[in-house]
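Each value in this text was obtained by applying a stated rule to the coordinates, not by laboratory testing. Quick caveat: nothing in here was measured; it's all calculated off a predicted structure. Note that we place each Cβ from the backbone using ideal geometry, even for glycine, and neighbour counts take in every protein chain shown.
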Amino acid sequence: MVKLTLRSAAMAVTAAAMSISLAACGSGGPSSASASSDSATMWGLTGGNQPVLQKSIDAWNKAHPDESIKLDFFANDAYKTKVRTAVGAGQGPTFIYGWGGGVLKSYVDAGQVADLSDFIASNPDVKSRYLPSVLKNGVIDGKTYALPNNNVQPVVLYFNKDVFDKIGAQAPKTWDDLMALVPKFKAAGIAPFSLGGQSKWPDLMWLEYLVERIGGPEVFANIAANKPNAWSDPAVKEALTKIQDLVDAGGFVNGFSSIAADSNADQALLYTGKAAMILQGGWIYQSMKTDAADFVKNGKLGFTAFPSVSGGKGDPANIVGNPSNFWSISSKATDSQKKAALDYVKSGMFTDADTQALIDSGAVPVTTGIESKLAASPDKDFLSYLYGMAKNAPTFTLSWDQALSPAQGDAMLANLDQIFLKKISPDQFVSTMNATIGK
Amino acid sequence: MASTTQIPVPPATRVAPSSKPSKQGRGRGRARPNFLGGLGGWLWLAVIIVPIYYVVVTSLKNQAGFFTSNPMLPPAEPTLDNYKLVLENDFAMYFVNSLLVTVGSVVPALLVSFMAAYAIVRGKSRFLGWTNKLFLLGLAIPLHATIIPIYWMITKAHLYDTLLALILPSIAFAIPISVLILSNFMRDVPNELFESMRLDGCSDWAMMWRLALPMTRPAVVTVGIYNALGVWNGFLFPLILTQSPSTRVLPLSLWTFQGEFSVNIPAVLASVVLATLPLLVIYVVARRQLISGLTAGFSK
Amino acid sequence: MSVSSASSRRVLERGPSGWLAAPALFFFLLFAIIPLAGVFFLSFTKWDGLGEIKLDGFSSWTTVLTDPVTGNALWVTAKIMFFSFIVQAPISLLLGVFTSASQKYRAVLAVLYFVPLLLSSAAVAIAYKALLDPNFGLGPGLGIPFLAQDWLGNSDLVLFVVVFVIAWQFVPFHTLIYQGGVRQIPASLYEAAQIDGAGRVQQFFAITLPQLKYTIITSSTLMVVGSLAYFDLVFVLTGGGPGYSTRLLPLHMYLTGFKANDMGAASALGVILVVIGLALALILQRLGGKNRNASQLEGA
């Protein structure tokens, strides 16, 4: 009896599974149907640029069925976790999505990504379509290993105009302004700043900008160059102290360290009016445009540069963030995969339709000659602002976690988290990080 | 009273603990209502139910409703859109992957463990004693600590990102506990039965399937359920040993949905509900067997 | 062993062939023992997961042993182990006793108690992440400000939250073990006690607890050794944060190996994990050693 019931249950499950699997075979999406085992593979990130990339690849696959590309999407954190293991296993995608910097260098050192210098040299059109300042982020030791693939993403200070109006405040121009706003918002029951602290990298934006404003771009340049004790620069300590001051003042939303930026919960606090400001990448404009369309359309979203710090050495026009994302081509890909990949880079990327789609999504493509298109966009205020910001910045420092080696980057994020939680002092941070130099 | 020493329980009751409550429970229960116990019981029920209730209720809300409505109240207009969204995102494929990996791991693990347990209990060679000790060692070691070499081996064997990469180590990791439980039960099978079969000229093979298997069926069920739960819900192997959506299993898909649906918490929670649903169905259909099966092996 | 069985064994001479154990042994050697040796080997190398594996002497060990994060991970692991045990053991014991009784409502409650068994760690973690959100979760839902704390972001609270969620997930399993254990206690013992006029509490301490000795050992062993494997739950729930406050040893190993890409150091951490597991198992086996002998003797 017992046996019978169990067995029939098992059979029911198996039967159900079979029918589901059959159904799944029948209803494969268009991209998987056309992809053969030797198709080039591409991993993109979910979020603002996902539909743009999907559209670009769909168009490519339609026009080039013999050189089709199989596209999969991963969330940011999941991607960073998975891609390296996959590349290490020799099964990475043909197109490796990246940020340039130390992570790219580690791929180059391991011989995992193809040298694209010759390709660039023989295709001047490809080279000339990019803003030169962005293109150079894919160059290591004079050779090009990665090409920009989307939009400029400087870190911007966003604010909710409604709540600013409510307490009659202005966007902060200096650090002192910013600190003065904190008690005002708190008194009104609004968190001054939203922060996706669980994802850790949003914390870093604060450190990046403060160090930049206080000490200028050389401070991090020295750290990235692995100069001994580079973290001991007084600007780092001052920046960390300012962060802890802001934490002490209650500047960040209650529970910031359990808010994940990957889930966009940090932006949600801004547009639902629970927080007044957020320091985040240019890309969150794109997701707010979809998640909070009315908020963005009605001009409730304000944006400004990170405030200056009195006595600071850094040019207030300097910016930090991601100059762009990049495609590298796996050196382990088969010849036909590589050919398809390069053909796509040459004529499938940044087509007029692509560029327009990026702009429509609320992003500034990294290509030249787009001013008129930006001006025609309904998002022109933000886009022109971002474009000007990127174009006029004397220095555009790459996000530190990407600029450093993975081991250093990981230690830095974990220790910075401790700074925000006030578990360690700025001095402890500095000495711990000095010990990671060269790793 | 307190000096009561351990009373050997007759093997029969231990081999097949019945699913019906035993007599002493009834006797005690009738004494006088246990208010304190009842209170604790209801309290724990709340602890168990509230999160489940929250997950189910939230999964029926739309995204706007999630941000604006009271999190603990049922939605004014329940929607199944979230479930639709999850199902459209290859959920069925992940389900089938999970099923393949679970069946592919548990069946071979049971088979080889059963044979090993039989040999260990019935055999006397030094080799078998040594094998048994090795398996016992495997119980003590957190085998997940070996994930880096396993990753390396799987990579070198060109099995990375295949379902086999999940199946092979899962079989190995299931062996120690399976052999332990199975051999404990096999020791309870009266020796005389084996002897009489042996005298009838039966081979070890025949004795294994015709005597040992029926006699240890509860243990086999226990081991099967225990391992199946472990593999079905496993996360570390899929996280490290697979990457593409076509080899993704359910627990990993939950994690990736969490990233992909981002702020759409109701959809994320709908994926949690859907991933649990198959086991819930089995639980509802075969609860007695599941529970008594799990108990049989561990209450030894 | 009875006399008859000993004499018949002599007749049988060899017992079943050791080959029956070979398939299990093969899997276990290949995917457990060889990786175990591999993790020792890799701890003396430098490998970033991408390039070549290079012998590197003790440098990974120096890194790991001088890194305060390692000490912290050990401390976090010890705390989670300790608190998980003192939370889970009494609750599961009491619930086991509670559900073993025969009242109808208790049986119904038990059905619901076991539901968490069906959820994967990833599912549990995702559900709790949403539930504990200070802005959109349980706290604002019930309107109880106390519950709207920053549960996962406050480094003083988060450890206890993790302990609670672990308990939520694993208490059902241990309840099941205890339920099975209680049901095997002969009713006659309680009847005798009742005649002697012993109350409920007295019966619990004089009969139930001593009778459950071996169940307690089994469950405790699984709890303690199992706490070395709480990887997936914590990985999805907190990622080890905030800061390092929930970065327990297995998670630290994973993050060192697969996020910071220092496979050498991660392997050294793996070795530490293995050693701790072995040490714990030896200690627990000493405590429970009688158990195995007893069950083997009873088998004859």
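The table that follows gives values for the structure above.
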item: From phi via Karplus (6.51, -1.76, 1.60), per-residue ³J(HN,Hα) for the stretch B:142-148 in Hz, x at Gly/Pro; result: x, 5, 5, 5, 9, 5, 5
item: Neighbouring partner chain Cβ atoms per residue of A:303-309, average, 10 Å criterion; result: 0
item: Residues B:L80, A:L135, B:L85, sorted so that the one with the fewest Cβ neighbours within 10 Å comes first; result: B:L80, B:L85, A:L135
item: Per residue Cα convex hull volume in Å³ - calculated over chain A; result: 184 Å³
item: Relative contact order, percent, the stretch C:52-291 [alpha-carbon distance under 8 Å, six or more residues apart]; result: 28 percent
item: Extension gain from B:V50 to B:R198, taking 0.36 nm per residue of separation minus the Cα-Cα distance; result: 47.6 nm
item: Relative contact order, percent, chain A [alpha-carbon distance under 8 Å, six or more residues apart]; result: 26 percent
item: Nonlocal amide H pairs with A:Q153, under 5 Å, H built at 1.01 Å; result: A:N322, A:S324
item: Positive minus negative residues near A:G98 (Lys, Arg vs Asp, Glu; Cβ under 11 Å); result: +3
item: Angle between chain B longest axis and helix B:163-186 axis [Cα atoms, degrees, rounded to 10]; result: 40 degrees
item: In order through the stretch A:304-315: 3J(HN,Hα) via Karplus (6.51 cos²θ - 1.76 cosθ + 1.60), integer Hz, x for Gly, Pro; result: 7, 7, 5, x, 7, 10, 5, x, x, 8, x, 5
item: Under Karplus coefficients 6.51, -1.76 and 1.60, residue-wise ³J(HN,Hα) of the stretch A:179-193 in Hz, glycine/proline x; result: 5, 6, 6, 3, x, 5, 5, 4, 4, 8, x, 10, 6, x, 10
item: Surrounding net charge for A:I284, when Lys and Arg each add one and Asp and Glu each subtract one, Cβ distance under 10 Å; result: -1
item: Fewest-first ranking of A:E218, A:E208, B:E77, using other Cβ atoms within 10 Å as the exposure measure; result: B:E77, A:E218, A:E208
item: Set of lysines near A:K339 by C-alpha distance (under 28 Å), chain-local residues within fewer than 8 positions excluded; result: A:K55, A:K62, A:K70, A:K80, A:K82, A:K105, A:K127, A:K136, A:K143, B:K156
item: Per-residue Cβ neighbour rank within 10 angstrom, fewest leading, C:I216, A:I96; result: C:I216, A:I96
item: Potential lengthening between B:E88 and B:L111 on full extension [0.36 nm per residue; Cα-Cα distance subtracted]; result: 4.6 nm
item: Percent antiparallel among DSSP beta bridges (both partners in the protein assembly as shown, rounded to 5); result: 60 percent
item: Distant-in-sequence amide H partners of A:G44 (H built 1.01 Å from N, under 5 Å); result: A:D72, A:F73, A:F74
item: Using alpha-carbon coordinates, inclination of helix B:217-232 to the longest axis of chain B, degrees; result: 30 degrees
item: Between the stretch A:386-412 and the stretch B:90-126, the alpha-carbon center distance in angstrom; result: 50 Å
item: Most mobile listed residue (C:I80, C:I166, C:I33) in chain C, GNM with C-alpha springs under 10 Å; result: C:I33
item: For the protein assembly as shown, the spread of Cα positions along each principal axis, largest first, Å; result: 97, 62, 55
item: Length-normalised contact order of chain B in % [C-alpha pairs under 8 Å, at least 6 apart]; result: 30 percent
item: Crossing angle, helix A:2-26 versus chain A [Cα axis fit, 0-90 degrees, rounded to tens]; result: 90 degrees
item: Placed amide H near A:A276: partners under 5 Å, 5+ positions off or other chain; result: A:A191, A:F193, A:S194
item: Chain A: antiparallel DSSP beta bridges as a percent of all, rounded to 5; result: 60 percent
item: Charge context of A:V163, other residues only, Cβ under 14 angstrom, K/R +1, D/E -1; result: +4
